[in-house]
Amino acid sequence: METIENQVIPMPRIGDKAPEFKAVTTQGPINFPADFSGSWVILFSHPADFTPVCTSEFMTFASQEEKFAKANCKLVGLSVDGLYSHIAWLRTIKEKIEYKGMKDVEVKFPLIEDITMEVAHKYGMIQPGESNTKAVRAVFFIDPKGIIRAMIYYPLSLGRNFDELYRALVAMQTADAFSIATPADWQPGDDVIVPTAGSCGVAKERMENKKDMKCYDWFFCTKPISKEQVLSTILKK
Ligand code: BEZ
């Protein structure tokens, strides 16, 4: 729970409907999450424009925007800065910053202005132990039906790993498409986890009649799904 002016705001949770809001962005007004219905969307916050960690993150995420789009996922950024700060910062990134081989990087996804912190509070992005005046580095994965499927919060000093965000997105889409779960460090092409057998009878049958399954014990079975199967299912043609 978060409180502002004696108002208790519940923190969003996995499985909740994404809190709704209307906002001004660098790409025009948005009505969230309705405008993104039918797509996955990653809503992410950063502490402040014109800061180094955030700049490295924006350049990295913008460079990968097409890869996320192919997996039916749109990106939406947010900070508690104003629109003109956002525009000036993104222009500076495009015109001046060359970093790790990335240059002339144009951020084409919307960046929300949230000077009132209304959206940041709704999404639990203001965490006073870290900062009262800046959003932490939050990441919300919202599915095509507008449901929060995963969230990750990082402190101000820690830049995010965008390969991990992509891995998590693909893993959730694969779990949905094949009714499986994914083990630690899963990547497309690795074996996936078959849902746990509901009873000893099913488990015994499963152990005896493994087909392509590998069972480490009655509660832990995996099966292969090829990388091609995964990618041809989840990526746009
Ligand atoms: C940064 O992005 O570099 C940053 C922003 C706020 C606090 C600390 C670091």
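Numbers at a glance
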item: Flag if F178 is over 30 Å from M117 (Cα atoms) and not acidic (D, E); result: yes
item: Any hit, the range 160-171, residues being assigned to a helix (DSSP H, G or I) and either modelled with pLDDT under 95 or touching a Gly at 6+ places or on another chain (Cβ under 7 Å) (or both); result: no
item: Candidates E66, E57, filtered to the one that is without any contact (Cβ under 8 Å) to a residue 12 or more places away in the chain and under 30 Å from A177 (Cβ atoms); result: E66
item: Neighbours by Cβ (under 8 Å, 6+ apart or cross-chain): first from the range 92-104, without any contact (Cβ under 8 Å) to a residue 24 or more places away in the chain; second hydrophobic (A, V, I, L, M, F, W, C) and not in a helix (DSSP H, G or I); result: K94/V105; K94/V107; K103/I97
item: Residue ID - surrounded by the fewest Cβ atoms within 10 Å (Cβ to Cβ), chosen from residues in the range 158-192 that are small (G, A, S) and more than 15 Å from V139 (Cα to Cα); result: A184
item: Checking K236 against (1) under 23 Å from the mean Cα position of the chain (by Cα); (2) modelled with pLDDT under 95; (3) over 19 Å from D143 (Cβ atoms), the condition it does not meet; result: (3)
item: Every residue from the range 139-152 that is surrounded by fewer than 18 Cβ atoms within 10 Å (Cβ to Cβ) and either within 15 Å of the ligand (Cβ to nearest atom) or assigned to a strand (DSSP E or B) (or both); result: I147, A150, I152
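Yes or no, residue by residue, for (1) away from the ligand (no atom under 15 Å from the Cβ); (2) on the phi < 0 side of the Ramachandran plot; (3) surrounded by 14 or more Cβ atoms within 10 Å (Cβ to Cβ):
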{"site": "I30", "(1), (2), (3)": "yes, yes, yes"}
{"site": "P47", "(1), (2), (3)": "no, yes, yes"}
{"site": "E57", "(1), (2), (3)": "no, yes, yes"}
{"site": "C73", "(1), (2), (3)": "yes, yes, yes"}
{"site": "L78", "(1), (2), (3)": "no, yes, yes"}
{"site": "P110", "(1), (2), (3)": "yes, yes, yes"}
{"site": "T116", "(1), (2), (3)": "yes, yes, no"}
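The values are calculated or read from the model by the stated rules, or taken from the named source; none is laboratory data. In this text the structure is predicted, and so the values were computed from the model without any measurement. Every residue, glycine as well, gets a Cβ built from its backbone with ideal geometry; the counts of neighbours run over all protein chains shown.
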